[in-house]
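K.L.:
Have a look at the structure that comes next, please.
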Amino acid sequence: MGVERAWRTELLGNVVTFQRGFDLPAKLRRSGDVPIVSSAGVIDCHHTSMVRAPGVVTGRYGTIGDLFFLLEPFWPLNTTLYVRDFHGNDPRFIYYLLQRFDFKTFSGKSGVPGVNRHDLHREGVTLPADPAEQRAIAQALSDVDALLGVLDRLIAKKRDLKQAAMQQLLTGQTRLPGFNGEWEVKRLGACILSRPDYGINAAAVPFSDKLPSYLRITDISDEGRYRPAPRVSVAAADVDRYFLREGDVVFARTGASVGKSYLYDLRDGKLVFAGFLIRVRPDGKALLPAYLAAYAITSPYWNWVSLMSMRSGQPGINGNEFAQLLLLLPPPLEQAAIVSALDAMEEELRGLEQRRDKTRALKQAMMQELLTGRTRLV
């Protein structure tokens, strides 16, 4: 039987040698196919390279901590650090090993903003002594990365398909089988149960972890989903009036996100909504809540910026302006069919995203095991 080779602990400077990248002003760049790598990744191309592949690059200024693996000759800019010498170690393994570093903690460590390569070189690392084991670990993690890449591309494709379907179905350009009646133009105010409501002013009330979470503009994704940041809760004597209920559609009414919509989902838990949001309650007959939320994302008729007025120096849309918005509406049965078709596409997207998230979690667990030697690939 062969003898399993041990792991060794070394200074990082004995494992890899970092080098600062090279200046290349835009005026000196020439057309070519050589990637130019900044602290944010590949940003341009040039006709000649400065470093042979494979390569590992990270930012020393700007975006600190992101790592990039290059399989072709490249030009690292002077805002980066690249690995000049791998000292016989497997380059892809080094790429994964360095992902365990918190590069941001090294920024300014020597009194100068940015990451100093000499500080990195003095850090200790533990790694397999056998390059074959390094390659096996790198291959296992690379396989997971390849799966993540496939999932990311599939999700992007499905999202584009859904966006195209929304544009077609919500404007009547494409009709679902069995529907051919005329659509009507109606004002939003004629299809809601009450005047649009403004959200609560969180700054005026105390916080409490025992009370409902506070929905803000930043918690709503471009696809109209609840995407909570760190949980913030709010308490107020009249908080009941600010609870979101099934069938509520919430819009951002000010700022760069004006018009962004969210259909309240019971699965998101108890929520009260913020002052820069406005709540609309469709009647569920002439206008279905899910149809309004989808329509708002894709409507070619609503130019949100042009609808904003200036009051007290703050541009925004008030309840009266919301009520005057015009909608192109099919009959309720067709609205329901459109929503059902879009929901099916959304559920497929959610399933793929959940699979991607689980795969990411698996990769993190694998890195924790494989890059510490707790689990060995023999």
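The values are calculated or read from the model by the stated rules, or taken from the named source; none is laboratory data. All of these numbers come straight from a predicted model, not from anything done at the bench. A quick note on method: Cβ atoms are made from the backbone with ideal geometry, for glycine too, and the neighbour counts reach across all protein chains shown. These accessible areas exclude ligands, DNA and RNA; they are computed on the full protein's heavy atoms, side chains included. Shrake-Rupley method; radii C 1.70, N 1.55, O 1.52, S 1.80 Å.
K.L.:
Which of rounded, prolate, oblate describes segment 266-378, given a ≥ b ≥ c as roots of the alpha-carbon gyration tensor eigenvalues and a/c under 1.5 marking rounded, otherwise prolate only if a/b is larger than b/c? If you can, show how the numbers build up before the last one.
P.N.:
Details: a/c = 3.31, a/b = 1.93, b/c = 1.72.
It comes out prolate by the Cα gyration axes.
K.L.:
Regarding the chain, what whole-number volume in Å³ per residue does the convex hull of its Cα atoms give?
P.N.:
Details: hull volume 83.7 nm³, N = 378.
Looking at the chain, the number lands at 221 Å³ per residue.
K.L.:
Here's something else I'd like to know. Test of understanding: what is the full-extension gain from SER142 to THR126, defined as 0.36 nm times their sequence separation minus their Cα-Cα distance?
P.N.:
Details: separation 16, 0.36 × 16 = 5.76 nm, distance 1.99 nm.
In short, 3.8 nm is gained.
K.L.:
Hey, another quick one. Quote to one decimal, in nm, the extra length available between THR174 and LEU362 on full extension: 0.36 nm per residue of separation minus the C-alpha distance between them.
P.N.:
Details: separation 188, 0.36 × 188 = 67.68 nm, distance 4.12 nm.
Full extension of this stretch gives 63.6 nm more.
K.L.:
Shifting gears a bit: Tell me what the chain gives for mean residue ellipticity at 222 nm when only DSSP H runs of n ≥ 4 count, each as -39,500 (n - 2.57), the sum divided by the residue total, rounded to 500 deg cm²/dmol. Write down the numbers at each step before the final one.
P.N.:
Numbers: 8 runs with 114 residues, N = 378.
That comes out to -10000 deg cm²/dmol.
K.L.:
For the chain, calculate the relative contact order in percent as a whole number, restricting contacts to Cα pairs under 8 Å that are 6 or more residues apart.
P.N.:
Details: 660 pairs, mean separation 60.8, N = 378.
16 percent.
K.L.:
Are there trypsin sites (Lys or Arg not before Pro) in segment 312-378 that DSSP marks as loop and that have at most 12 other Cβ atoms within 10 Å, and which are they? Spell out each step's value before the answer.
P.N.:
Details: sites: ARG350, ARG355, ARG356, LYS358, ARG360, LYS363, ARG374, ARG376; in loops: ARG374, ARG376.
For trypsin sites (Lys or Arg not before Pro) across segment 312-378 that sit outside H, G, I, E and B with at most 12 neighbouring Cβ atoms in 10 Å, the list reads ARG374.
K.L.:
At 7 Å along Cα-to-Cβ for each site, give me the label-to-label distance between THR298 and ASP44 in nm.
P.N.:
Each label point lies 7 Å from its Cα, and together they span 3.9 nm.
K.L.:
List the residues, sorted by chain then number, that are 5 or more residues from ASP248 or on another chain and whose placed amide H is less than 5 Å from its amide H.
P.N.:
Long-range HN contacts for ASP248: TYR264.
K.L.:
Then there's this: Work out the FRET efficiency for LEU154 and ALA53 from their Cβ-Cβ distance, taking R0 = 30 Å, and round it to the nearest 0.05.
P.N.:
Working from the Cβ atoms, E equals 0.60.
K.L.:
Please identify the longest segment of the chain free of exposed GluC sites (Glu not before Pro), where exposed means a DSSP state other than H, G, I, E or B and no more than 16 other Cβ atoms within 10 Å. Don't skip to the answer; put the middle values down first.
P.N.:
Numbers: sites that count: GLU4, GLU123, GLU182, GLU223, GLU246.
Looking at the chain, 247-378 is the longest stretch - no exposed GluC sites (Glu not before Pro) with at most 16 other Cβ atoms within 10 Å.
K.L.:
Counting only protein heavy atoms and using a 1.4 Å probe, what share of the accessible area of segment 237-378 belongs to carbon plus sulfur, as a whole percent?
P.N.:
Values: 3770 of 6840 Å².
Answer for segment 237-378 is 55 percent, counting heavy atoms of protein chains only.
K.L.:
For VAL239 and ARG355, FRET efficiency with R0 = 45 Å and r from the beta-carbon atoms, rounded to 0.05?
P.N.:
Taking R0 as 45 Å, the efficiency between ARG355 and VAL239 is 0.75.
K.L.:
Same structure again: Express in nm, to one decimal, how much length is gained between ALA6 and ARG267 on full extension, taking 0.36 nm for each residue of separation and deducting their alpha carbon distance.
P.N.:
Numbers: separation 261, 0.36 × 261 = 93.96 nm, distance 4.92 nm.
Stretched fully, the ALA6-ARG267 segment lengthens by 89.0 nm.
K.L.:
Can you list the lysines whose alpha carbon sits under 29 Å from that of LYS104, skipping same-chain ones fewer than 8 residues off?
P.N.:
LYS358, LYS363
K.L.:
Over segment 271-366, average the accessible area per residue using a 1.4 Å probe and give it in Å², no decimals. Don't jump to the answer; show the numbers that get you there.
P.N.:
Working: 4410 Å² over 96 residues.
Value for segment 271-366: 46 Å² per residue.
K.L.:
For LEU28, project a label point 7 Å along Cα to C-beta. Then give me every residue of segment 39-75 with its amide nitrogen under 16 Å of that point.
P.N.:
Those under the cut-off are 45-51, 75.
K.L.:
With each pseudo-label sitting 7 Å past Cα toward Cβ, what's the SER257-LEU161 distance in nm, one decimal?
P.N.:
Inter-label distance under the simple model: 2.9 nm.
K.L.:
Whose amide H sits under 5 Å from the amide H of ALA274, counting only residues 5 or more places off or on another chain, with H placed in the peptide plane?
P.N.:
Those lying under 5 Å, H to H, from ALA274 are ILE200, LEU215.
K.L.:
Further question: Under a plain spin-label model, where a point goes 7 Å from the Cα along Cα-to-Cβ, how far apart in nm are LEU71 and ALA190?
P.N.:
5.9 nm
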